[in-house]
Amino acid sequence: ILTPSTIFDNARHAAKIVARNVGGSTQHDGAPSPSSIVMIGPSEPSNEGEGNYDHSRSIFGAHYDEGRITRRTDPNPVWAELASRSISRYNEINQESGGMEFYVECGHLALGPKGSDTIEKRKAGAASMGVDYDSLEYAELCERFPYLTPPTEECIGIHETKDAGYISARGLVRAQTAAAQNMGVEVIDGIVSRVHKSTDHGEDDGYFLVYIKGGRTIKSKRVLVTAGAFCNDQNLLPNKLDITPVKTQTVHFILSLEDEQRLKNMPSIIVRSDTFWAYLLPPIQYPDSTTRAKIGGAYLDSSGNEIGREKMSCGKEVVDWHTGSGSLDARNDMIQMMQSLLPNIESMQSSKLSTINNTCAVLHTPTRQAYIGEVKDKWAVATGGNGVAAKSSDEIGRLAALCILDREAYEREQVCGKFCKSLFAPRYRELE
């Protein structure tokens, strides 16, 4: 049983694992099959992600967008490895879904001060994984990307041209879900209100009872919870996780046809300077037929910490943020950043500005790694994207499926030479 509101690709990999076991030497009467897997989660409201929010919703997904950066390099080697493994399977997801498209290989550009930690760690990671890239000085950046103005002349760029670009997060979820359904997984459009481990010594003894809003109950031998910022709500887990939802938002700039053409060869971009960090997405068409460039990010204080990012408690505060209009100060900051980075794009200028503000929640863990592990026997969780997990969701889902279905195999799994069981072990809040 899977209870997702996030992007992790658990169901597809769960189906693969049980299909492999059924087809191999472990086959026996009563062995699980892909049709015994149920994925439960609410579908995206039709008006979600376009600036109009459904105030009646009590839970929100992390994938209501058309543009998320994907690339193999990262200052954190664990996230880089998770991304690299996932990217290598994008084509597999496309084929298993019946040809659903979600990935655009337009390349990725990382900008930062020469010799900075972020640049040097990316270079080291690229070398260890065999990732090809071009290292570009300021003049080379201006020549290759004439629409872009780097923050300073001391800035250099790491340009990945292969296995990098962006994904449609909602398109990826659709493809992952379709692939799982094609293997026999049942998908239920609903919200789980409670998970309970039965100990009544009756016919349900030892089973999990999964209660779905509206009255339906599912009985299961295993439960995997992937509810993102809502994991500590809805009575989904036996213990409260040590997680912190943080307010974040993006600004979408609606582009003219002329500016869309000017930026048509733009890669996805991450910028890190001494005063701000930002990420930019190239022109992408959205469901309302507008073509938009997107920016997220924040100004930094003297210690390099983001200014204006507020922590939230789980539950109602997260819902209120999702259904609200966001921070006007943050919106203005991001408009200012975009205008400084793309100064010659008319659609970014104040006189022609047409923007959409989107709110979301980044789920931080104290380890800055994902949580993938059992919280009790046969009761597992996969969460904690830390703002960088969308591109890596396939590998996170594979590890989560192993964790809940093949514990011994999961205990052998490693990332960057570290055992996943300890690397991704969930942490819990102290009793108050």
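The values are calculated or read from the model by the stated rules, or taken from the named source; none is laboratory data. In this text the structure is predicted, and so the values were computed from the model without any measurement. Methodologically, a virtual Cβ is constructed for each residue, glycine included, from the backbone with ideal geometry; neighbour enumeration extends over all protein chains shown. Only protein heavy atoms, including side chains, enter the accessible area calculation; ligands, DNA and RNA are left aside. Shrake-Rupley method; radii C 1.70, N 1.55, O 1.52, S 1.80 Å.
Structure notes:
- Cα long-axis angle, helix 393-405 against the chain (0 to 90 degrees, to the nearest 10): 20 degrees
- Projecting the Cα atoms of Pro151, Gln181, Ile167 onto the charge dipole of the range 114-181 (Cβ charges, centred on the Cα centre) puts Gln181 farthest toward the positive pole.
- Between the range 97-116 and the range 213-279, the Cα center-to-center distance that results, in Å: 17 Å
- Counted charge near Ala80, where neighbours are those whose Cβ lies closer than 11 Å (Asp, Glu -1; Lys, Arg +1): +4
- For the range 260-325, the square roots of the Cα gyration tensor eigenvalues, ordered a ≥ b ≥ c, give a/c of at least 1.5 with a/b no greater than b/c, which places it in the oblate category.
- For the pair Asn76 and Lys311, label points projected 7 Å from Cα toward Cβ lie 1.7 nm apart.
- With R₀ set to 56 Å, the beta-carbon distance separating Tyr147 from Lys221 gives a calculated FRET efficiency near 0.50.
- GluC sites (Glu not before Pro) within the range 262-335: DSSP coil, no more than 14 neighbouring Cβ in 10 Å: Glu310
- Taking Gln369, Gln261, Gln249 in turn, the Gaussian network model of the chain (Cα-Cα springs below 10 Å) assigns the largest fluctuation to Gln261.
- The range 342-432, accessible area per residue, ligands and nucleic acids excluded (1.4 Å, Å²): 45 Å²
- A Gaussian network model of the chain, with springs between Cα atoms under 10 Å, assigns the largest mean-square fluctuation among Cys416, Cys403, Cys155 to Cys416.
- Rg and Dmax of the range 302-432, both derived from C-alpha coordinates alone, stand at 19.8, 61 Å.
- Here the 3J(HN,Hα) profile of the range 334-350, calculated from phi with Karplus coefficients 6.51, -1.76 and 1.60 at θ = phi - 60°, is 6, 4, 4, 4, 4, 5, 6, 7, 10, x, 9, 8, 4, 5, 8, 7, 4 Hz, Gly and Pro shown as x.
- Of Ala139, Ala293, Ala400, the residue with the greatest mean-square motion in the GNM of the chain, using alpha carbon springs below 10 Å, is Ala139.
- Here the simple spin-label model places points 7 Å from the Cα toward Cβ, and for Lys213 and Thr323 these points are separated by 1.0 nm.
- Cα long-axis angle, helix 117-129 against the chain (0 to 90 degrees, to the nearest 10): 60 degrees
- Charge dipole (debye, nearest 20) of the chain; +1 at Cβ of Lys and Arg, -1 at Cβ of Asp and Glu: 820 debye
- Model label sites at Asp377 and Ala425, defined 7 Å from Cα along the beta-carbon direction, differ in position by 2.0 nm.
- The charge dipole of the range 281-353, taken about the Cα centre with unit charges on the Cβ atoms of Lys, Arg (+1) and Asp, Glu (-1), comes to about 180 debye, rounded to the nearest 20.
- Relative pair counts by distance (%), Cα atoms of the range 77-224, 5 Å bins: 2, 8, 12, 13, 11, 11, 10, 8, 7, 7, 5, 4, 1, 1, 0
- Helix 169-182 axis, angle to the chain major axis (alpha carbon atoms, nearest 10°): 30 degrees
- Options [x] 71, 46, 45; [y] 64, 53, 43; [z] 72, 49, 34 - which one matches Cα extents along the principal axes in Å as calculated here: [x]
- Gyration tensor (alpha-carbon) shape descriptor, the range 99-152, a/c threshold 1.5: oblate
- Derived scalar couplings ³J(HN,Hα) [the range 62-70; Karplus, 6.51 cos²θ - 1.76 cosθ + 1.60; whole Hz; x for Gly, Pro]: 9, 10, 7, 7, 9, x, 10, 5, 10
- The chain, relative contact order [Cα under 8 Å, separation at least 6], %: 22 percent
- Members of Lys221/Lys421; Lys16/Lys123; Lys121/Lys247; Lys16/Lys162; Lys264/Lys418; Lys114/Lys391 lying beyond 30 Å, as alpha-carbon distances in this model show: Lys16/Lys123; Lys264/Lys418
- Carbon plus sulfur fraction of accessible area for the chain, probe 1.4 Å, in percent: 46 percent
- Under the convention that each Lys and Arg Cβ holds +1 and each Asp and Glu Cβ holds -1, the size of the dipole of the range 114-176 around its Cα centre is about 480 debye.
- Label point 7 Å beyond Cα of Arg57 along Cβ direction - residues of the range 323-339 with amide nitrogen under 18 Å: 323-327
- Cα gyration tensor shape of the range 270-366, rounded if a/c is under 1.5, else prolate or oblate by comparing a/b with b/c: oblate
- Listed by chain and number, the aspartates and glutamates placed with their C-alpha closer than 17 angstrom to that of Lys378 are Asp204, Asp205, Asp406, Glu408, Glu411; residues fewer than eight positions away on the same chain are left out.
- In this calculation the C-beta distance from Cys416 to Lys352 is compared with R0 = 45 Å, giving a FRET efficiency of 0.45.
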